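Here's the structure, in structure tokens; my notes come after.
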Amino acid sequence: MSAETILETRGLTKEFKGFVAVNNVDLKVRRGDIHALIGPNGAGKTTFFNLLTKFLAPSRGTILYRGIDITQEKPAQTARRGLVRSFQISAVFPHLTVLENVRAALQRGLGTTFHFWKPESSLHGLHDRALELLTQVGLEDFAEELTVNLPYGRKRALELATTLALEPELMLLDEPTQGMGHEDVSRVTQLIKKAAEGRTVLMVEHNMNVVSTIADRITVLQRGTVIADGPYGEVSKNPQVIEAYMGSTEAELQGAH
């Protein structure tokens, strides 16, 4: 495993009672890249993410993180290594304020996650860092707002802030712009680009405009198998990829949402 590869899978496979959801996937994610995993519905992208974060055990194959075999590790062990997944389901507490959510995530980093009985004064040290993170994702003006009142796009920005609070080395983003309007998509795309500075991102994303804007490298899955891997310009011209997107023309693929 080369020094520039942070995450690698070798022959990663997941079968469910004879159905092969992920089929012999070899993937290399380079340190510092934004790497997008794309493919039509049912391509195996979410299953692949679940294998990486240990919510599923592979049928075969190996997962290497920074050269270490983590295939058999528990989810918490993998997260402690700095491989952190966000945007699965809304991962924030709706009835805490925006600031309190980020402070709770920072507490997790201290290993005192559920010490809610501790006096609030003990959390003041985290206050400045929480505000810094909120500023980073453009939520500083919403610090005292109850999370339940945030519009959808801002909730996703908050999820990004709580993920960043865990100081991940590799962020796994699962459909970060799903269900968003155009304006929110643009904002969150720029936030991801900003958050990626100094770290690595692997993201599942349907929106081709997002992928073409920020991804350094793209891997395309179809029926659990890798059919293309490379920069966007190269992958978007690949006949197999164009066909996988329901016979789209290259122009349609490049403009697809």
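A few notes on this one:
- Aspartates and glutamates with Cα under 17 Å of residue 14, excluding same-chain neighbours fewer than 8 positions away: 26, 73
- Among complete DSSP H helices in the chain, none has alpha-carbon atoms stretching at least 24 Å along the helix's long axis together with a mean Kyte-Doolittle hydropathy reaching 0.5.
- Gained length - residue 197 relative to residue 225, 0.36 nm times residue gap less alpha-carbon distance: 7.1 nm
- Cross-link reach is defined here as a Cα-Cα straight distance under 12 Å, omitting same-chain residues fewer than 8 places apart; for residue 155 the aspartates and glutamates meeting it are 145, 184.
- Taking all protein chains as shown and a probe of 1.4 angstrom, residue 31 keeps an accessible surface of around 110 Å².
- FRET efficiency for residue 30 and residue 237, using Cβ-Cβ distance with R0 set to 25 Å, rounded to 0.05: 0.70
- Listed by chain and number, the lysines placed with their C-alpha closer than 26 angstrom to that of residue 17 are 45, 54, 74; residues fewer than eight positions away on the same chain are left out.
- Heavy-atom accessible surface of region 22-68: percent carbon and sulfur, 1.4 Å: 43 percent
- Remark: the residue 80-residue 41 segment gains 11.0 nm on full extension, using 0.36 nm per residue and subtracting the alpha carbon distance.
- Length-normalised contact order for the chain - Cα pairs under 8 Å, 6+ apart - percent: 25 percent
- Based on DSSP H segments of at least four residues, each scored -39500 (n - 2.57), the chain has a per-residue ellipticity at 222 nm of -10000 deg cm²/dmol.
- Annotation: extensible slack from residue 141 through residue 55 equals 27.4 nm (criterion: 0.36 nm per residue apart, minus Cα-Cα distance).
The values are calculated or read from the model by the stated rules, or taken from the named source; none is laboratory data. Computed from a predicted model, the values in this text were never measured in an experiment. Positions of Cβ are backbone-derived with ideal geometry, glycine not excepted, and every protein chain shown enters the neighbour counts. Accessible surface is based on the protein model in full, side chains and every heavy atom, while ligands, DNA and RNA are left aside. Shrake-Rupley method; radii C 1.70, N 1.55, O 1.52, S 1.80 Å.
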